[in-house]
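First comes the structure, then the notes that go with it.
The values are calculated or read from the model by the stated rules, or taken from the named source; none is laboratory data. Not measured: the values here are computed from a predicted model. Accessible surface areas use protein heavy atoms only, side chains included; no ligands, DNA or RNA. Shrake-Rupley method; radii C 1.70, N 1.55, O 1.52, S 1.80 Å.
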Amino acid sequence: GTFFDINGLGGASFEQSWIDKLPADLSIINCAFNKFKSFPDGMSKFTKLTQIFAAGNQLAVWPPALCGFANLTE
């Protein structure tokens, strides 16, 4: 599958503009060790997502948009 890696960039947010440019069939996102407080609602376009690595961020709640992914295992 396709992979998007922004591990450790230190960014304060997961930009909607990144999501707009990524293919909808993305299967893995590694956004660990940044300063993200949330994910944009546009992440719901990644219906084939199987893994999200988000450790080391400042997420207070898991986004509802990511709860419906049937293939998400990690």
Zero-based 10 Å bins, Cα pair distances in the chain, whole percents: 20, 60, 19
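When the accessible area of the chain is computed with all protein chains present and a 1.4 Å probe, what percentage of it is carbon and sulfur?
Working: 2330 of 4250 Å².
Of all accessible area on the chain, carbon and sulfur atoms account for 55 percent.
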Per residue value of the accessible surface for the chain (all protein chains in place, 1.4 Å probe), Å²: 57
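Under the rule of -39500 (n - 2.57) per DSSP H run of 4 or more residues, summed and divided by the residues of the chain, what mean residue ellipticity at 222 nm is obtained, to the nearest 500 deg cm²/dmol? Before the final figure, lay out each step's value.
Details: 1 runs with 6 residues, N = 74.
Helix-only estimate at 222 nm: -2000 deg cm²/dmol.
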